[in-house]
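Each reported figure results from applying straightforward, stated rules to the coordinates on display, with no laboratory input. Because the structure is predicted, anything quoted here is derived from the model rather than measured. Methodologically, a virtual Cβ is constructed for each residue, glycine included, from the backbone with ideal geometry; neighbour enumeration extends over all protein chains shown.
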Amino acid sequence: MTTDGLPEIDPRRFRNVLGQFCTGITVITTLDPEGAPAGFACQSFAALSLDPPLVLFCPTKGSRTWTAIERAGRFCVNVLAEDQRELCARFGSRDPDKFAEIPWRPSPLKLPLLDNALATIECTVTTVVDGGDHHIVIGRVLSLSESTPSGRPLLFYRGQYTAIEPDKTTPAPWRADLEHFLTTTTQDTWL
Ligand SMILES: Cc1cc2nc3c(=O)[nH]c(=O)nc-3n(C[C@H](O)[C@H](O)[C@H](O)COP(=O)(O)O)c2cc1C
């Protein structure tokens, strides 16, 4: 038991069980006030709200990129494609020069867009909430783009990179009953 009477959770078991939850992977970037790019690999990204348009991500409290984002007040979410594993490993490391030989361009909002990302989502930080050893950062979306034609996403599952089946890139047809899925939480509309 912990000091507040709650059950102890073994860290390895926590990792193994939570690893069953498969996610996409992003690299979240910013430009610091001196114009230097910063970024880190991040799977804890999610769409949060449609009206207003909000997203969230969770950087560890020791993240150097978070320090740069906090200073800049803005960030860009780059959604990685299946063939960007090496790039992901670079941004998941503590390499002091993560952007060396990585093709990127600054957006009109002065945020680093990585070449060949499936999508980019530019945001301004609106709220930071305590999340244990991480922060929960909420951002208001300012600008969105997606690659055409769309490639396949890079996935992270049980501590390893993986990918979807080759023919699964076509988005599902538009369904009016899902139009408000981000803001409606009743059981029959959250699909
Ligand atoms: C696939 C993958 C997903 C990751 N997801 C997160 C995450 O959601 N939050 C986080 O703080 N770190 C995450 N990391 C770890 C950071 O990318 C890593 O600690 C990085 O060195 C942080 O760099 P920084 O200190 O320059 O920000 C992830 C790493 C990988 C490879």
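Results, tabulated for the structure shown:
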| quantity | calculated |
| --- | --- |
| 54, 114, 109 arranged by Cβ crowding within 10 Å, fewest neighbours leading | 109, 54, 114 |
| Sparse-neighbourhood loop sites, chymotrypsin sites (Phe, Trp or Tyr not before Pro) in segment 1-96 - DSSP loop, at most 13 other Cβ within 10 angstrom | 21 |
| Computed lengthening from residue 116 to residue 4, 0.36 nm per intervening residue step minus Cα-Cα distance | 35.5 nm |
| Modelled label reach - residue 18, point 7 Å along Cα→Cβ, segment 138-176 residues with backbone N closer than 13 Å | 158-159 |
| Alpha carbon convex hull of the chain, projected area averaged over orientations, nm² | 13.3 |
| Loop-located trypsin sites (Lys or Arg not before Pro) in segment 102-165, at most 12 other Cβ atoms within 10 Å (DSSP) | 158 |
| Stretch in the chain that is longest and holds no GluC sites (Glu not before Pro) that DSSP places in a loop and that have at most 10 other beta carbons within 10 Å | 102-191 |
